[in-house]
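Beneath this line is the structure, given in structure tokens, with notes to follow.
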Amino acid sequence: MEVKKLSISWQFLIVLVLILQILSALDFDPYRVLGVSRTASQADIKKAYKKLAREWHPDKNRDPGAEDKFIQISKAYEILSNEEKRSNYDHYGDAGENQGYQKQQQQQQREYRFRHFHENFYFDESFFHFPFNSERRDSIDEKYLLHFSHYVNEVVPDSFKKPYLIKITSDWCFSCIHIEPVWKEVVQELEGLGVGIGVVHAGYERRLAHHLGAHSTPSILGIINGKISFFHNAVVRENLRQFVESLLPGNLVEKVTNKNYVKFLSGWQQENKPHVLLFDQMPVVPLLYKLTAFAYKDYLSFGYVCVSLRGAEEMTRQFNVNVYAPTMLVFKEHVNKPADAIQARGMKKQVIDDFITQNKYLLAARLTSQKLFHELCPVKRSHRQRKYCVVLLTPEATRLSKPFEAFLSFALANTQDTVRFVHVYSNRQREFADTLLPDSDTFQGKSAVSILERRNTAGRVVYKTLEEPWAGSENDKFTLLGYLDQLRRDPALLSSEAVLPDLTDELAPIFLLRWLYSASDYISDGWDSVFHSNWREMMPLLSLLFSALFILFGTVMVQAFSDSNDERESSPPDKEETQEKAGKTEPSFARENSSKFPKKGFVEVTELTDVTYTSNLVRLRPGHMNVVLILSNSTKTSLLQKFALEVYTFTGSSCLHFSFLSLDKHREWLEYLLEFAQDAAPIPNQYDKHFMERDYTGYVLALNGHKKYFCLFKPQKTVEEEEAMGACGGLDSPLHLGDSRGKSSCGLGSRPIKGKLSKLSLWMERLLEGSLQRFYIPSWPELD
């Protein structure tokens, strides 16, 4: 009886919790979440979002509900910042496209979840022995469920062709329910672009979740080239899209303009690949094109032309490109004329894949590896599936020779699907060429043509070599054409038989580079396994290692101090007096800091401009920071000298970079950043006449480009500066606290200006300790 009452009370509690969850989901109002009216402009919505995002960011707000509140704020801003979604919400109460159908589906889904939650309620299967009904799982997640064997045998090998986005979920995970709408939307978008999707249930695939290094739910991670990267930002559509794009290598697609398109297209001979150009009006490369380039990186080289910017007129005119619709051109051996083209306003992945598959190889590709030989000249599988290869054996030349150009024109005119044309550099693949050429001096230093058919994968072939060297004359073409026509009627024409040796991989890196690449991969895998995948199991080993290092370091330090004390005691008194006298003549600064100076005799400080902005900040390597000094043209010399003196002792760290930013050029960028710093500067009044005169010279920002946060150093007034500014009068208002105008009329000399950075070295020590306050931002603004 008591068990029955307990069961009824638990069911009632579950029903109450679910009703509250459903009511809260139905009551979601993006206007109320952001605190704006329905007639608010985009500027007001953006301002409200920034304010709430800073207030409720999980890294700043320790409230238990901060994460859920931040997710609601992000979702509300995503709806209201998009005019189409905002209009749909205003008219239908929903941001989707098919409102009526979607609301019906959502209602059915809520009822289904309620039944699923109620019927499968349990604490632990080992205690209550309540079976989990796997047939009632979410159908969308069930489609992408992964098992350990499936992950190892299919997902990991396939990740070398496309990135994977994987969600780790579990039962009793209410945060998983919160991110589910965003996850479904992102899955529908990215899967259509070619991204692999996977879902791992941590309760049933504990081995796989443990292998991936996911120790909490929900977790989202990406896999590319077999390597795992975790997603750490707010679960918003744009953040997930940027995360997938960040997984891809940065050199997949080359930006092509009128200046470099000839060089780009002429690389087919060295790379032995066709080259693809996409013409579009978007200033950035589309994600679909990047994913296509990653999938076919071993077969083609990809370039992108932005027709909306200057520098593409010559190409669009020469290749007759319609600039109003995306156009894709494939170039093979002929640089001045595309081999194939496709144009469509809405290019789909399937259309692009079909187009690329038909143009994966050159007309007469060079055999550079055994793998390429297997693909171009496959083994005969049946009598009806005969494949013949016409091979040109020619010496290597820097420019196209006449025999090769004639062979290329013959291959271009070929219409038979059973014949493939290839060529081989006889000096690079000497054993391969010697096997096909007869033992005579007739072909010494000349080109030859052989027709062959592969019989098995062990290298057995039947072939026929033309009796005379290939000079590319019309007579040679007629002879080759006659052999091909006769071969179509009588396969016995290939009377010679041989076993070909494996081809040498010409494009493989040298042994030293291969060793470095392998060592880098091993180190990267070990680092990931220690700090991401299996760090819990590695903790005892790491503890033992650090303990041994600590003991060793302590022993060395004790020994060093004892040796120095012995030397000091054994030194004669007159020598000590001499050292003391010499020490008094040295400057105190050099005596105190000489032991800290790095080996460099200078400080490398670069200017942060729009040219260096991406490399020095946006694409800065993880773990690296850029320390930026804010200065003006009038204070540049004095502040740089003081800045170099203060940071000189910290230049020994390879993770620190030093730059300066001109306040006269980039004031808007700085003020935008300072909005995210709490109490970084007083809020300006639009009626204040000194609003545009605020002096930020002497401010120092430590920027972490990878994690998107910064630390702020604000200069403190010196006594001299306060006296100099007091002479100007009228600077006692709250607006001027912490600000020095830097006006020439106030009579501020170089010493007060240098005094702004007097405490910078102490701030730098706190920066390296990690004890400074961090101010996070959604993304780095553009530097105009």
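The values are calculated or read from the model by the stated rules, or taken from the named source; none is laboratory data. Computed from a predicted model, the values in this text were never measured in an experiment. Reconstructed Cβ throughout: ideal geometry from the backbone, glycine too, with neighbour counts over all protein chains shown. SASA here: full protein model, heavy atoms, side chains in, ligands and nucleic acids out. Shrake-Rupley method; radii C 1.70, N 1.55, O 1.52, S 1.80 Å.
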If you scan the stretch 257-291, which residues turn out to be more than 22 Å from the chain's Cα centre (by Cα), over 22 Å from Arg317 (Cβ atoms) and open to solvent by 40 Å² or more (accessible area, probe 1.4 Å)? Gln269, Gln270, Glu271, Lys273
So, of the residues in the stretch 346-363 that are part of a loop (DSSP other than H, G, I, E, B) and either modelled with pLDDT of 90 or more or in contact with a Pro (Cβ under 9 Å, 6 or more places away or on another chain) (or both), which turns out to be farthest from Val391 (Cα to Cα)? Gly346
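Can you report the number of residues in the stretch 197-253 which are part of a loop (DSSP other than H, G, I, E, B), among the small types (Gly, Ala, Ser) and either over 24 Å from Gln72 (Cα atoms) or touching a helix residue (DSSP H, G or I) at 6+ places or on another chain (Cβ under 9 Å) (or both)? Spell out how you get there, then give the answer.
As a first pass, look at the stretch 197-253 and keep what is part of a loop (DSSP other than H, G, I, E, B): 202-205, 213-218, 225-226, 231-236, 248-252.
Those left that are additionally among the small types (Gly, Ala, Ser): 202-203, 213-214, 216, 226, 234, 250.
In the following step, the residues that additionally are either over 24 Å from Gln72 (Cα atoms) or touching a helix residue (DSSP H, G or I) at 6+ places or on another chain (Cβ under 9 Å) (or both) were identified as 202-203, 213-214, 226, 234, 250.
Count: 7.
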Candidate set from the stretch 327-355 (those that are within 14 Å of Gly303 (Cβ to Cβ) and touching a strand residue (DSSP E or B) at 6+ places or on another chain (Cβ under 6 Å)); member that is surrounded by the most Cβ atoms within 10 Å (Cβ to Cβ): Phe331
Check off (1) open to solvent by less than 100 Å² (accessible area, probe 1.4 Å); (2) closer than 30 Å to Arg774 by Cα; (3) modelled with pLDDT under 85 for Pro64 and give me the number that stays unchecked. (1)
Between a first residue in the stretch 36-65 that is in the same structural domain as Ile79 (by the TED database) and within 16 Å of Glu78 (Cβ to Cβ) and a second residue that is small (Gly, Ala, Ser) and open to solvent by 60 Å² or more (accessible area, probe 1.4 Å), which pairs have beta carbons less than 9 Å apart while being 6 or more apart in sequence or on different chains? Ala48/Gly35; Leu52/Gly35
Is it the case that Tyr324 is assigned by the TED database to the domain that holds Lys259, more than 24 Å from Asp158 (Cβ to Cβ), aromatic (Phe, Trp, Tyr) and more than 29 Å from the chain's Cα centre (by Cα)? yes
So which pairs qualify, if the first residue must be in the stretch 217-232 and closer than 21 Å to Pro58 by Cβ and open to solvent by 20 Å² or more (accessible area, probe 1.4 Å), the second must be in a strand (DSSP E or B) and of a type in the set (D, E, K, R), the Cβ gap must be under 7 Å, and the two must be at least 6 apart or on different chains? Pro218/Lys167
Residue count, the stretch 615-661, condition over 17 Å from Trp780 (Cβ atoms), assigned to a helix (DSSP H, G or I) and not charged (D, E, K, R), comes to 12
May I ask you to list the residues in the stretch 179-196 that are assigned to a helix (DSSP H, G or I) and open to solvent by less than 30 Å² (accessible area, probe 1.4 Å)? Ile179, Glu180, Val182, Trp183, Val186, Val187, Leu190
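Considering each of Ala365, Ala448, Ala406, Ala471 in turn, give the residue that is closer than 16 Å to Gln269 by Cβ and not acidic (Asp, Glu). Break it down stepwise before answering.
On the way: Ala448 fails: closer than 16 Å to Gln269 by Cβ; Ala406 fails: closer than 16 Å to Gln269 by Cβ; Ala471 fails: closer than 16 Å to Gln269 by Cβ.
Just a single option satisfies the conditions, and that option is Ala365.
Would you check if Tyr299 is part of a helix (DSSP H, G or I), open to solvent by less than 60 Å² (accessible area, probe 1.4 Å) and hydroxyl-bearing (Ser, Thr, Tyr)? Spell out the reasoning first.
Values: part of a helix (DSSP H, G or I): no; open to solvent by less than 60 Å² (accessible area, probe 1.4 Å): yes; hydroxyl-bearing (Ser, Thr, Tyr): yes.
Answer is no for this residue.
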Within the stretch 101-114, can one find any residue that is at pLDDT 80 or above and open to solvent by 60 Å² or more (accessible area, probe 1.4 Å)? no
Please specify each residue of the stretch 158-178 satisfying the condition of being in a loop (DSSP other than H, G, I, E, B) and more than 30 Å from Ala295 (Cα to Cα). Ser170, Asp171, Trp172, Cys173
Selection count, the stretch 159-210, where residues are of a type in the set (Lys, Arg) and either in contact with a Phe, Trp or Tyr (Cβ under 8 Å, 6 or more places away or on another chain) or not assigned by the TED database to the domain that holds His147 (or both): 4
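Answer yes or no as to whether Arg514 is over 30 Å from Trp268 (Cβ atoms), among the charged types (D, E, K, R) and at pLDDT below 80. Can you show your working first?
Values: over 30 Å from Trp268 (Cβ atoms): no; among the charged types (D, E, K, R): yes; at pLDDT below 80: yes.
In short, no.
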Hey, can you tell me all the residues within the stretch 449-467 that are in a loop (DSSP other than H, G, I, E, B), under 18 Å from Leu481 (Cβ atoms) and aliphatic (A, V, I, L, M)? Leu466
Could you please find all residues in the stretch 491-506 being closer than 12 Å to Arg460 by Cβ and of a type in the set (D, E, K, R)? Glu497
